[in-house]
2 protein chains.
Amino acid sequence: MKCMVTGGAGFIGSHIVDRLIADGNKVVVYDNFSTGREFFIKHHLNDKNFRLVNADLKEVEVLNKEMKGVEFVYHLAGHADVRSGFRDHFIDHEQNLEMTQNVLEVMYKNDVKNIMFASSSSVYGDANIHPTPEDYPFEPTSLYGATKAACESYIRTYASYYDMRSFIFRFVSFTGARYTHGIVMDVLKKLKNNSKELELFSDGTPRKSSLDVKDGVEAIFKVINKSNDQFNVFNIGHDEITTIDHVVDWIIEAGGYKNVQKNWLGKKSNWKGDNEFVLLQNTKLKALGWKPTLTIEEGIKSTAKYIMENILTAND
Amino acid sequence: MKCMVTGGAGFIGSHIVDRLIADGNKVVVYDNFSTGREFFIKHHLNDKNFRLVNADLKEVEVLNKEMKGVEFVYHLAGHADVRSGFRDHFIDHEQNLEMTQNVLEVMYKNDVKNIMFASSSSVYGDANIHPTPEDYPFEPTSLYGATKAACESYIRTYASYYDMRSFIFRFVSFTGARYTHGIVMDVLKKLKNNSKELELFSDGTPRKSSLDVKDGVEAIFKVINKSNDQFNVFNIGHDEITTIDHVVDWIIEAGGYKNVQKNWLGKKSNWKGDNEFVLLQNTKLKALGWKPTLTIEEGIKSTAKYIMENILTAND
């Protein structure tokens with residue numbers, strides 16, 4: 001099958017590309033390289049089933065040309081920094097919602113009938129049910145979450161108007177190879193500059209769930225291969241939950257640091273709109289035979305090792 | 001209190017204006033008169049507590065100037081024709097979502113802390129629970145519904161970022177004085193041209209709930225006056241439900257027509273994205289002491305009479 005992966009040179013997108021190529025599909029990666037890295041997909045560059053398009057989703061004519069013959073769009077491109085929406089109120093609207101509508105328009109014009117979308121646990125906001133089930137209403141507390149929620153509604157509508165199949169996945173934080181932002185990167189950078197004292201904005205108590213990207217990608221394809229429904233909405237998250245304090249300890253340990261003094265700056269949440277307790281119900285997913293293979297601790301430590309070996313440079 | 005009513009010269013907006021003025025508030029009506037009518041608000045034009053601004057929500061500088069001193073925004077302006085989104089995929093996005101974000105931005109810049117928003121039963125799409133409760137997830141089947149859902153998420157986020165109070169109301173169809181579109185208007189126009197035969201696109205079976213606008217406005221103010229919550233989401237709908245076939249019969253009767261032959265064209269839904277069974281749970285609202293005072297039949301008949309006496313012209 002010919003597939004397009006928007007954001008296919010990014011963290012999660014490139015893992016989806018690996019899987020699609022391994023399964024024998026033709027893959028068009030559509031990426032503007034704002035955060036994607038050629039490094040993540042360079043092993044496919046000489047594959048005849050692989051095509052790389054360096055373009056923005058704003059360039060609708062390019063997108064339209066590249067959509068010819070595509071049967072399935074994996075829409076991973078988007079603005080992934082949840083924090084910045086508090087300062088810039090339009091970046092999520094433009095990069096998440098408007099670009100998703102561009103994708104849907106071009107799919108409709110080319111009669112493409114399948115879309116997978118990377119949504120987020122942030123659509124639930126500060127949910128008062130944990131683990132949070134898929135039918136919990138949208139109560140986002142960030143424009144990132146609000147635009148992911150809006151994308152879901154637009155996708156459902158186009159799918160309903162034009163008999164498309166939609167696969168919406170609400171992710172917890174993913175960790176693992178090629179993860180180049182978030183807490184693991186931040187802590188390792190700080191430790192590189194000061195291996196004795198570590199300043200941390202939280203008080204260590206917020207509880208989060210995370211999942212290794214390989215377990216996440218396995219979940220996505222389990223659903224796509226097993227579901228017969230037109231509209232699909234699945235949480236993808238771990239059974240486990242942990243505190244930020246534990247996460248920091250695991251990063252320190254994996255980094256080979258010792259006797260680091262952690263200075264928690266005391267504010268419970270380090271930015272407006274953060275959700276301090278994230279745990280998603282994953283029973284729908286488990287009913288399909290999926291389960292995570294790595295613990296959160298294993299996922300965090302392998303991420304730290306990956307970043308130290310591949311990403312952190314002498315300048316960081 | 002100084003209030004702004006966007007879309008205040010429209011059907012529901014003008015009833016909110018009547019109530020706010022009656023309660024002794026200062027009111028700024030902000031309306032571009034795309035569908036609003038001066039006729040609906042002309043009785044306030046000489047009132048010192050009333051100010052009319054003929055402008056579009058795109059004109060952010062005008063909006064910003066008029067927002068000075070406002071404490072409560074009633075945001076009614078929007079694209080109200082649910083059907084047209086199937087042909088024009090951007091009209092709801094621009095007129096509902098982008099204009100709502102303009103309102104939120106200007107509120108934030110002027111430190112306005114209260115917003116009421118007119119959402120819709122269409123956020124639920126073809127719900128499989130009836131009456132549909134407020135915590136039913138968003139499953140819109142029209143871009144109208146998708147953008148109303150998106151507006152709700154954006155409003156919740158701004159309210160969360162900036163400690164605003166939000167009052168979101170999901171309306172069924174409202175009927176009553178000043179209702180100038182929808183089935184009552186359509187049927188009366190057709191009967192004016194042909195009083196013997198009436199062509200109807202549905203098969204008569206879709207079931208809908210509607211509510212008289214005066215009962216709806218009473219519900220809105222019951223919530224605003226009684227709630228102490230920061231985030232408020234309420235369905236506003238009747239306990240009753242009826243078929244389109246009955247509605248047509250009531251319009252015929254109220255219009256004074258007799259022996260009209262109804263020709264149902266057989267398609268169950270007359271446009272893509274319609275929801276054929278709409279009944280909202282209203283127990284949250286009733287717990288505040290509200291109940292409808294008019295039956296659906298009384299509401300439809302009074303609407304038909306209003307349209308014949310005030311709206312239909314010799315040219316219709």
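The values are calculated or read from the model by the stated rules, or taken from the named source; none is laboratory data. Treat the numbers as computed from the prediction; the structure is a model and nothing was measured. Neighbour counts run over all protein chains shown; Cβ positions are idealised from the backbone, glycine included.
Points worth noting:
- Looking across the range B:235-280, the residues that are over 30 Å from B:Pro137 (Cβ atoms), buried (at least 16 other Cβ atoms within 10 Å of the Cβ) and among the small types (Gly, Ala, Ser) come down to B:Ala254, B:Gly255.
- Within the range A:29-59, tally of residues that are exposed (fewer than 15 other Cβ atoms within 10 Å of the Cβ) and not in a loop (DSSP other than H, G, I, E, B): 5
- Scanning the range A:21-51 for residues that are within 15 Å of A:Ala9 (Cβ to Cβ), of a type in the set (D, E, K, R) and touching a helix residue (DSSP H, G or I) at 6+ places or on another chain (Cβ under 9 Å) turns up A:Asp31, A:Arg37, A:Asp47, A:Arg51.
- Odd one out for A:Met185, checked against (1) crowded, with 23+ Cβ neighbours inside 10 Å; (2) touching a residue at least 12 places away in the same chain (Cβ under 8 Å): (1)
- Filtered residue count, the range B:102-121, keeping only those that are within 19 Å of the chain's Cα centre (by Cα) and either within 14 Å of another protein chain (Cβ to nearest Cβ) or in contact (Cβ under 8 Å) with a residue 60 or more places away in the chain (or both): 7
- A:Leu97 vs. criteria in contact (Cβ under 8 Å) with a residue 40 or more places away in the chain and over 20 Å from the mean Cα position of the chain (by Cα): no
- Look at (1) within 14 Å of chain B (Cβ to nearest Cβ); (2) in contact (Cβ under 8 Å) with a residue 60 or more places away in the chain; (3) out of contact with any strand residue (DSSP E or B) (no Cβ under 9 Å at 6 or more places or on another chain); (4) under 24 Å from A:Phe221 (Cα atoms) and you find that A:Phe40 fails only one, number (1).
- The one condition in (1) within 12 Å of chain B (Cβ to nearest Cβ); (2) out of contact with any helix residue (DSSP H, G or I) (no Cβ under 6 Å at 6 or more places or on another chain); (3) surrounded by 18 or more Cβ atoms within 10 Å (Cβ to Cβ); (4) of a type in the set (D, E, K, R) that A:Arg170 fails to fulfil: (2)
- For the range A:69-93, a residue qualifies if it is in contact with a Lys or Arg (Cβ under 6 Å, 6 or more places away or on another chain) and either closer than 21 Å to A:Gly182 by Cα or charged (D, E, K, R) (or both), and the qualifying residues are A:Glu71, A:Phe86.
- Residue within the range A:156-167 that is at the interface with chain B (Cβ under 9 Å from one of its Cβ atoms) and either closer than 27 Å to A:Lys214 by Cα or of a type in the set (A, V, I, L, M) (or both) present: yes
- Among the conditions (1) part of a helix (DSSP H, G or I); (2) within 14 Å of another protein chain (Cβ to nearest Cβ), the only one that B:Ser14 does not satisfy is (2).
- Candidates B:Tyr144, B:Tyr179, B:Tyr124 - the one that is touching a helix residue (DSSP H, G or I) at 6+ places or on another chain (Cβ under 7 Å) and within 13 Å of another protein chain (Cβ to nearest Cβ): B:Tyr144
- Of all the listed residues (B:Leu20, B:Leu63, B:Leu52, B:Leu57), the sole one being in contact with a strand residue (DSSP E or B) (Cβ under 6 Å, 6 or more places away or on another chain) and within 27 Å of B:Ala149 (Cα to Cα) is B:Leu20.
- Among residues of the range A:235-275, those that are within 14 Å of another protein chain (Cβ to nearest Cβ) and modelled with pLDDT of 95 or more, counted: 1
- Among strands (runs of 3 or more DSSP E) entirely within the range A:164-225, having at least 1 residues that are touching a His at 6+ places or on another chain (Cβ under 6 Å) singles out A:210-212.
- Residue ID - farthest from A:Tyr74 (Cα to Cα), chosen from residues in the range A:214-233 that are in contact with a helix residue (DSSP H, G or I) (Cβ under 9 Å, 6 or more places away or on another chain) and among the acidic types (Asp, Glu): A:Asp215
- Checked across the range A:68-75, the condition of being of a type in the set (Gly, Ala, Ser) and in contact with a helix residue (DSSP H, G or I) (Cβ under 9 Å, 6 or more places away or on another chain) holds for no residue.
- Residues within the range A:129-138 that are at the interface with chain B (Cβ under 7 Å from one of its Cβ atoms) and either buried (at least 23 other Cβ atoms within 10 Å of the Cβ) or polar (S, T, N, Q) (or both), tallied: 1
- Count of residues meeting criterion [assigned to a helix (DSSP H, G or I) and surrounded by 23 or more Cβ atoms within 10 Å (Cβ to Cβ)] in the range B:286-309: 6
- Of the residues making up the range A:240-256, those that are free of Cβ contacts under 8 Å to residues at least 60 places away in the same chain and in contact with a Lys or Arg (Cβ under 9 Å, 6 or more places away or on another chain) are A:Ile241, A:Thr242, A:Thr243, A:Asp245, A:Asp249, A:Trp250, A:Glu253, A:Ala254.
- Some residue of the range A:129-143 being in contact with a strand residue (DSSP E or B) (Cβ under 7 Å, 6 or more places away or on another chain) and either of a type in the set (Gly, Ala, Ser) or free of Cβ contacts under 8 Å to residues at least 12 places away in the same chain (or both): no
- Number of the condition not met by B:Phe201 [criteria: (1) within 14 Å of chain A (Cβ to nearest Cβ); (2) surrounded by fewer than 24 Cβ atoms within 10 Å (Cβ to Cβ); (3) touching a residue at least 24 places away in the same chain (Cβ under 8 Å)]: (1)
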